[in-house]
1. Where only protein heavy atoms count, and the probe is 1.4 Å, what is the accessible area per residue for region 185-253 in Å²?
2. Once both labels are modelled 7 Å past Cα along the beta-carbon direction, what's the Thr37-Gln240 spacing in nm?
3. How high is the FRET efficiency from Val197 to Ser219, r the C-beta distance, R0 35 Å, rounded to 0.05?
4. Quick one: which residues, 5 or more positions from Phe132 or on another chain, have an amide H under 5 Å from its amide H? H modelled 1.01 Å from N in the peptide plane, none for Pro or chain starts.
5. Glu121 versus Arg172, label points 7 Å from Cα toward the beta carbon: distance in nm?
6. Rolling a 1.4 Å sphere over the protein heavy atoms, what is the accessible area per residue of region 19-90, to the nearest Å²?
Amino acid sequence: MAASNEWLTGDAGAGVGAGGGTAGAAGRVLVVDDDPTVSEVATGYLERAGFTVHRADDGPSALEAAARHRPDLVVLDLMLPGMDGLEVCRRLRAHGAGTPHLPVVMLTARGDEEDRILGLEVGADDYVTKPFSPRELVLRVRSVLRRASVAVPAGEPLLAAAGLTVDPAARRATRDGIELSLTLREFDLLAYFLRHVGQVCERERLMREVWGWDFGDLSTVTVHVRRLRSKIEKDPADPQVIRTVWGAGYRFDAVPDAPARTAAPDATARTADGRV
């Protein structure tokens, strides 16, 4: 590995440590990056951490590899030749791809907030900005997969409110009887809200309880709330179910506000006993 690679922080020469395991035991990961050094080092660390790793170096081959190998997670570079990572993520999330719940960790060589938000907007579950530590990448991959495989307690009942129903065991969600296509994080976020109806949930609390992180970029929560609103609100621009509590967080309202009356009823419209 060349020492001049700017994407990498200084721990590349160190081993993964006690977290290593038998190759493949931890799951299957597809690494997509057109920089062979990035790809090789990421692959090496993930394999030593127990993952089976497949690689692709551009967008079309990434989609082909995802269909062929059925990975448990994709590590996806934002800047790719032929088809960028955003478009690859969109296609992985499309119904026709058959992988709408496939976890994605986005890599970007640019630390701009806009790039991070774009990745989250198209459905990435997490991101790592270059330069990054390979150990951090392994930890992020483990974190996302751990949340994806959290066992649901046997017999947990359906969660339902505001026309929404969530089946935690089957990981299915519907709105007015129509099944929703939710990413891993969107599903977990909706389930959390339905378990805490009427409570104010701070973004820090959501990051800790839904993402499993004690710290991180809170814009991750903001973007996922916006994406979830776009799928469950009748008017995402005027959300009535997931309400923003300014200066505090978000509150899931089981009974959305009814439209306000524009005028008082006419007195002549009353019945003899005074009812309207």
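The values are calculated or read from the model by the stated rules, or taken from the named source; none is laboratory data. Just so you know, these numbers come straight off a predicted model, no measurement behind them. Virtual Cβ from ideal backbone geometry, glycine too; neighbours counted across all protein chains shown. Heads up: the accessible areas ignore ligands, DNA and RNA and are worked out on the full protein's heavy atoms, side chains in. Shrake-Rupley method; radii C 1.70, N 1.55, O 1.52, S 1.80 Å.
1. 44
2. With each label point 7 Å from Cα toward Cβ, the separation is 5.6 nm.
3. 0.90
4. The list, which skips near neighbours in sequence, is Leu8, Thr9.
5. Distance between label points: 3.3 nm.
6. On the way: 2860 Å² over 72 residues.
That works out to 40 Å² per residue.
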